[in-house]
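Accompanying notes for the structure given below.
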Amino acid sequence: MQDTFLEKQFKESEMLDAFSRSVVAADASTSTIDTEGLANLRKFVAEGNKRLDAVNAIASNASCMVSDAVAGMICENQGLIQAGGNCYPNRRMAACLRDAEIILRYVTYALLAGDSSVLDDRCLNGLKETYAALGVPTTSTVRAVQIMKAQAVAHINDTNEMYKGTGKYRQMGAIKGDCAAITAEAASYFDRVIAALS
């Protein structure tokens, strides 16, 4: 089946958002955007500030989230930092931190756009095969992503707690309204990463 002109244009840009996804779907069926599609777009716009607050909650804490996720992964598997481990020597540790940061960045892009295409195309496409070729243990990567997922949910819901009584944590101020939908959406993008690596 040949792509329509719009599909080609959007594929070239590689990133779809809720609006362009609706346009592509309507164009593929040679119709206008239906009532349900318009209602979904209205909801997307109405909850725009909530979406931006959620993205900000993750992006503002990204460096801490990445370092804590990698540290947590290593605490559960000390062999990673021993000679011959995948986080030894320092350059491998740096690569691990870099990869976790890239994954988190693309999750925030997907959350901002309300669509997983940029995450799928630019981050997950071929990631498992690349890791297999490099000998990177995907179970450890999956664990780091699970930790980042838990952190993201806590930051979006503003339920993060002090670390062992140190007083070190950052609360963003609760997002107004019910955050269940945006939290579930954010979690679903982390789940996509986990599924792609599993």
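Annotation: of all residues in segment 93-123 being surrounded by fewer than 16 Cβ atoms within 10 Å (Cβ to Cβ) and free of Cβ contacts under 8 Å to residues at least 24 places away in the same chain, the one that is farthest from the chain's Cα centre (by Cα) is Ala94.
Residues in segment 50-67 that are over 27 Å from Asp178 (Cβ atoms) and either touching a residue at least 40 places away in the same chain (Cβ under 8 Å) or crowded, with 17+ Cβ neighbours inside 10 Å (or both): Val66 alone. Return yes or no: is Ala150 at pLDDT 90 or above and over 18 Å from Val55 (Cβ atoms)? So Ala150 fails the test.
Going by the conditions given, is Ile81 surrounded by 19 or more Cβ atoms within 10 Å (Cβ to Cβ) and among the β-branched types (Val, Ile, Thr)? Talk me through it step by step, then tell me what you get.
Working: surrounded by 19 or more Cβ atoms within 10 Å (Cβ to Cβ): no; among the β-branched types (Val, Ile, Thr): yes.
When the stated conditions are applied, Ile81 does not pass them.
Considering only segment 86-103, I want to know if a residue exists there that is assigned to a helix (DSSP H, G or I) and under 12 Å from Arg192 (Cα atoms). Yes, there is a match, as at least one residue in segment 86-103 is assigned to a helix (DSSP H, G or I) and under 12 Å from Arg192 (Cα atoms). Every condition in (1) out of contact with any Phe, Trp or Tyr (no Cβ under 9 Å at 6 or more places or on another chain); (2) farther than 30 Å from Gly37 by Cα; (3) aliphatic (A, V, I, L, M); (4) surrounded by 14 or more Cβ atoms within 10 Å (Cβ to Cβ) holds for Val145 except the one numbered (1).
The values are calculated or read from the model by the stated rules, or taken from the named source; none is laboratory data. Since the model is a prediction, treat every value here as computed from it, not as a measurement. Glycine also receives a Cβ, built like all others from the backbone with ideal geometry; neighbour counts cover every protein chain displayed.
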